[in-house]
Amino acid sequence: MPTAVDTPVPDRTLPRPPSAGAGRSATRAITRRTHPLWFLAPAFAILLVFFFLPTLFNFIYAFTDWSGFKAAINPVGFDNFTDLASNGTLFRALRITIVYAVLVAVFQNLFGFLLAVLLERDTRLNRLARVFFLIPVLMSALAVGYVFQALLKPDGGLNALIGTVLSRPFDYGWLADNTWTIVVVALIHSWKWMGLSMLIYLAGLKTIPDDVIEAARIDGATRWRTFWAIRSPLLAPAVTFNVATALLGSMNGFDIVQATTGGGPARTTEILNIFIYRTFGQGLFAQATTMSLILFLLVALMAFPVIHLLRKREEVLS
Amino acid sequence: MNASPNGLSDARIWTRLQPVVATALVAALIGIPLWLVVATAGKSQSEAIKPDLSPPTDWRLLENLTQIWTDAKVPAAFLGSLLILVPTVAGVLVCGSMAAWVLARRATRFTAFLYAIAISGIVLPPAVVTVVLLLRQLGLAGTAVGMIGVYMGIYLSTVVFFVTGFVRTIPVSLEEAARIDGAGPLLVFRRVVLPLLRPVLATATILICLYVWNDVFYAFFVVGGRLDTLPLNLFRVASAGLYLNNWHLIFAYVILMSLPLIVVFAVAQRKIISGITSGAVK
């Protein structure tokens, strides 16, 4: 077998066994031919045109006065940002989005985890119950929003149920409270996705072989201790996945909030995407773009540390 | 702590109690909302104005379903959804797995960089506003092609992420055997690699169908008002003054729209569950 860097390797030659010390570049020459880079071309062309180019445009048009009312687009510097910041919209929308994302991440993981522990054994009933908890995952978020809008109306089903239990009329406006509605909407979001978190946690719980648990039990460990000392560390990858997807999914959320409150009451649930949707509909394209850029920066800034932190914890535990 | 007698009885109580707790939770958390949908969709308009949990005095579910089917032009929206879903899924699977195969097999710093770029879309939110401008410049504004392109741009990252991880678990020797017989990369990919990817492609298909079928946000920006999809249509129906508070029709629509996914899920439930979970924890 040739070892020189530039010696052409005939197609039919067997690749060098990995034990051979020299010739990493020879294997590279082979992979260059057997796994050609042009295979990447279609995917990267689409990513470039439909994902990265619009993102680049975000960084340009956020600094213009692009709108639906006139044809010309002129640069205006940081005006959009200062406008949004000075009337308080920017920080308010940011705060609401972050609060919403954190609430969803906490609730969705808590519910998903509890369900996974509850339905862990593979009985027929548990399997059926898991399927039921996956129905909301399959439903459109918009539909889920409408269901809860109907259920949580002051004269809706939930208040009627509570009224029956308390045996006095109950008419709390779940979706009309300036303070608590954001929590209610986050709970609805978590309800929709808790089935998926449950599945991921179930898979995490299953990665540990039964004989290890049995061994621990024979050694005298209680169920509680077995759980915390042996099984919970093995859940780390599932936690990473679930927390990251819940955080990012809710920061990018729209449908559930739009279908339940539309951003209200008094714009207390107006997360960034609702703002973008509203201003875009009003023809204020530059403002919508500015918020879109802010969402991008927020997610980018939050995502990488979160993923890094959770990954690091995984390494420590394993 | 002297746990053995205590722990054992705890365990026994829990084994007894667990089915009761599980059933009660399903009934309360899933049963009530689902019942609300079905019961309201079965009511007459006057009865459904106040959507509560009472059963309809007489069931008119079928009438409501047919009414919304014709009134809201559901068949057109259904076709619109399919027209966008099928090419999107086929496109991301082919392009994504081609890229993922090469990215998984070529272990250089450059390909690692390309991989990071390719999967960054999982995390980063798409630029919904400027994508409209770009599509206008490309002459694709409001078209199905534009929408398919946007969805592919958003979900390619997911496919590349899932498939790359999977390719790394396939031994290279399988490809080498074909190569010795003189097969070029395209043939190796099509005949050897692609069939092996079936489980992971099934997972990716399910996830992307779920996202695209139910998406209303991106569709609103790209094709809103020009091309109807089911969620866009539902959004319009529910927000239109004509239908405001017509809960029986809204929920009939919810049933129509969710049914295809629920049927697919019921048929392939076990495969779907194992598919979704295997991608995430490993």
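Of all residues in segment A:217-227, none satisfies being of a type outside the set (V, I, T) and either touching a residue at least 60 places away in the same chain (Cβ under 8 Å) or closer than 23 Å to A:I98 by Cα (or both). Filtering segment A:260-280 to residues that are within 12 Å of chain B (Cβ to nearest Cβ) and either in contact with a Lys or Arg (Cβ under 7 Å, 6 or more places away or on another chain) or at pLDDT below 90 (or both) leaves only A:G262.
Any residue at all in segment A:228-248 that's more than 8 Å from chain B (Cβ to nearest Cβ) and closer than 21 Å to A:T89 by Cβ? Looking for residues that are more than 8 Å from chain B (Cβ to nearest Cβ) and closer than 21 Å to A:T89 by Cβ, one finds none in segment A:228-248, hence no. Checked against the criterion of being within 10 Å of another protein chain (Cβ to nearest Cβ) and in a helix (DSSP H, G or I), segment B:223-230 contains one or more residues that satisfy it. Of all the listed residues (B:P75, B:P55), the sole one being exposed (fewer than 14 other Cβ atoms within 10 Å of the Cβ) and part of a helix (DSSP H, G or I) is B:P75. Taken over segment B:75-107, the criterion of being farther than 18 Å from B:L194 by Cβ, of a type in the set (A, V, I, L, M, F, W, C) and modelled with pLDDT of 90 or more is satisfied by B:A76, B:A77, B:F78, B:L79, B:L82, B:L83, B:I84, B:L85, B:V86. Quick one: in segment B:177-206, which of the residues that are surrounded by fewer than 16 Cβ atoms within 10 Å (Cβ to Cβ) and not aliphatic (A, V, I, L, M) is farthest from the other protein chains (Cβ to nearest Cβ)? If we take residues in segment B:177-206 being surrounded by fewer than 16 Cβ atoms within 10 Å (Cβ to Cβ) and not aliphatic (A, V, I, L, M), then B:R198 is farthest from the other protein chains (Cβ to nearest Cβ). Inside segment A:287-297, residues that are surrounded by fewer than 24 Cβ atoms within 10 Å (Cβ to Cβ), more than 9 Å from chain B (Cβ to nearest Cβ) and in contact (Cβ under 8 Å) with a residue 12 or more places away in the chain make up a count of 1. On inspection, B:V145 does not qualify as assigned to a helix (DSSP H, G or I) and under 30 Å from A:N242 (Cα atoms). Search segment A:126-152 for residues being facing chain B (nearest Cβ under 7 Å) and either out of contact with any helix residue (DSSP H, G or I) (no Cβ under 9 Å at 6 or more places or on another chain) or outside any helix (DSSP H, G or I) (or both), and hand back the single one that is surrounded by the most Cβ atoms within 10 Å (Cβ to Cβ). This residue is A:S140.
For (1) in contact (Cβ under 8 Å) with a residue 60 or more places away in the chain; (2) over 25 Å from the mean Cα position of the chain (by Cα), each residue gets a yes or a no:
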| residue | (1), (2) |
| --- | --- |
| A:I135 | yes, no |
| A:M139 | no, no |
| A:V147 | no, no |
| A:P154 | no, yes |
| A:T164 | no, yes |
| A:D171 | no, yes |
| A:I188 | yes, no |
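Against the list (1) out of contact with any helix residue (DSSP H, G or I) (no Cβ under 7 Å at 6 or more places or on another chain); (2) outside any helix (DSSP H, G or I); (3) not small (G, A, S), the condition A:Y172 fails is (1).
If the condition is being within 11 Å of another protein chain (Cβ to nearest Cβ) and surrounded by fewer than 13 Cβ atoms within 10 Å (Cβ to Cβ), then segment A:156-188 contributes only A:T164.
Evaluating B:A112 against the criteria (1) closer than 21 Å to A:F280 by Cα; (2) surrounded by fewer than 20 Cβ atoms within 10 Å (Cβ to Cβ) leaves one unmet condition, (1).
So, B:I122, is that one within 21 Å of A:L56 (Cβ to Cβ) and without any contact (Cβ under 8 Å) to a residue 12 or more places away in the chain or not? It is false that B:I122 is within 21 Å of A:L56 (Cβ to Cβ) and without any contact (Cβ under 8 Å) to a residue 12 or more places away in the chain. Taking the numbered list (1) in contact (Cβ under 8 Å) with a residue 12 or more places away in the chain; (2) surrounded by fewer than 17 Cβ atoms within 10 Å (Cβ to Cβ); (3) more than 24 Å from B:W213 (Cα to Cα) in turn, B:Q67 passes all entries but (3). Among the candidates A:F51, A:F81, A:F57, A:F44, the residue that is assigned to a helix (DSSP H, G or I), among the hydrophobic types (A, V, I, L, M, F, W, C) and away from chain B (no Cβ under 14 Å) is uniquely A:F81.
Residues in segment B:29-48 that are within 25 Å of the chain's Cα centre (by Cα) and facing chain A (nearest Cβ under 10 Å): B:L29, B:I30, B:G31, B:I32, B:P33, B:L34, B:W35, B:L36, B:V37. The residues listed here are B:T108, B:T15; of these, the one that is under 30 Å from A:T222 (Cα atoms), over 30 Å from the mean Cα position of the chain (by Cα) and among the hydroxyl-bearing types (S, T, Y) is B:T15.
Within segment B:208-218, if we keep just the residues that are of a type in the set (A, V, I, L, M, F, W, C) and touching a Phe, Trp or Tyr at 6+ places or on another chain (Cβ under 9 Å), the residue that is farthest from the other protein chains (Cβ to nearest Cβ) turns out to be B:I208.
In this structure, does A:T289 turn out to be hydroxyl-bearing (S, T, Y) and in contact with a Pro (Cβ under 9 Å, 6 or more places away or on another chain)?
In short, no.
Of note, A:W224 satisfies the criterion of being assigned to a helix (DSSP H, G or I), within 12 Å of chain B (Cβ to nearest Cβ), surrounded by fewer than 19 Cβ atoms within 10 Å (Cβ to Cβ) and modelled with pLDDT under 90.
The values are calculated or read from the model by the stated rules, or taken from the named source; none is laboratory data. Here the structure is a predicted model, which means the values were calculated and not measured. Quick reminder, even Gly has a Cβ in these numbers, built from the backbone with ideal geometry, and neighbours come from all protein chains shown.
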